[in-house]
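The values are calculated or read from the model by the stated rules, or taken from the named source; none is laboratory data. Here the structure is a predicted model, which means the values were calculated and not measured. As a convention, Cβ positions derive from the backbone with ideal geometry for all residues, glycine included, and neighbour counts pool all protein chains shown. Side chains are part of the model used for accessible areas, which takes the heavy atoms of the whole protein and leaves out ligands, DNA and RNA. Shrake-Rupley method; radii C 1.70, N 1.55, O 1.52, S 1.80 Å.
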Amino acid sequence: PRAAHAPLLLTALAAPARATRAAAAATLRHLAETGRLEDVVGCGGACLRAVDAEPDARAAAQLTRAVGALLRSGWDGGGAGAWLDLCSSVVLAAPQVKAAGGGGGGGERGDDDASMLARQGAPAASTTTTSSSPRPRTRAFAAECLVRLVAGAPGAGATTDPLLPRIPAILSVGLRLATGTVDTLRPAGLRLLAAAVARFGRAPDPAAADG
């Protein structure tokens, strides 16, 4: 049956043996590349959680390749918007900051920024993508996935481009990353903005059309 082994493979991503985790990631990548997975976004979320928890570099590399294959399979299947939400929620997740007296703090102003971005149309950080605040390496990888998504998803230049309604969200995320306090995320933010300009630069202004 189609994707019959996906639940078993996703469970194996948390196996004690590194070889088992790497093999499960490689198999998921193969299934995605051959179009034999149905819930590619759900599998992508599981793989991102696994990337965040993976201590072995070789197994982590297998997982990132699996996410790349799932991303391409997902946008080919019309899931570009869902991938945008998934990756944005990971990359915008605010680090957990403990302060005396229970007060929040930290240089990223996570809660305020997430609320602002939600008002602007960008998805706020979600607790459904990772069990805790993701590591910087995971956030950086999710940011690169966003760049790949905007640069490579089908439909660019067409009036039916599935990412057209998400322009405010994409620009908000790019600006947040490019001007944020996390140095490792700034280059990805600039690349995301550049990809957005390249993709949407000739698109009609929705506000002007509504006016």
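Across the stretch 146-163, the qualifying residues are those that are part of a helix (DSSP H, G or I) and open to solvent by 60 Å² or more (accessible area, probe 1.4 Å), and the one among them that is nearest to ALA82 (Cα to Cα) is ARG148. Screening ARG65 against (1) open to solvent by less than 10 Å² (accessible area, probe 1.4 Å); (2) more than 12 Å from the chain's Cα centre (by Cα) leaves a single unmet condition, (1).
Applying the condition of being open to solvent by 80 Å² or more (accessible area, probe 1.4 Å) and not in a helix (DSSP H, G or I) to the stretch 1-32 and asking which residue is nearest to ARG65 (Cα to Cα) yields ALA14. Do we have LEU84 as assigned to a helix (DSSP H, G or I), aliphatic (A, V, I, L, M) and buried (at least 24 other Cβ atoms within 10 Å of the Cβ) here? Here the answer is yes, as LEU84 does meet what is asked. GLN120 meets the stated requirement of being more than 12 Å from the chain's Cα centre (by Cα) and at pLDDT below 70.
Hey, does the stretch 37-44 have a residue that's surrounded by fewer than 23 Cβ atoms within 10 Å (Cβ to Cβ), touching a residue at least 12 places away in the same chain (Cβ under 8 Å), closer than 19 Å to ALA82 by Cβ and touching a Lys or Arg at 6+ places or on another chain (Cβ under 9 Å)? So far as the stretch 37-44 goes, yes, one or more of its residues are surrounded by fewer than 23 Cβ atoms within 10 Å (Cβ to Cβ), touching a residue at least 12 places away in the same chain (Cβ under 8 Å), closer than 19 Å to ALA82 by Cβ and touching a Lys or Arg at 6+ places or on another chain (Cβ under 9 Å).
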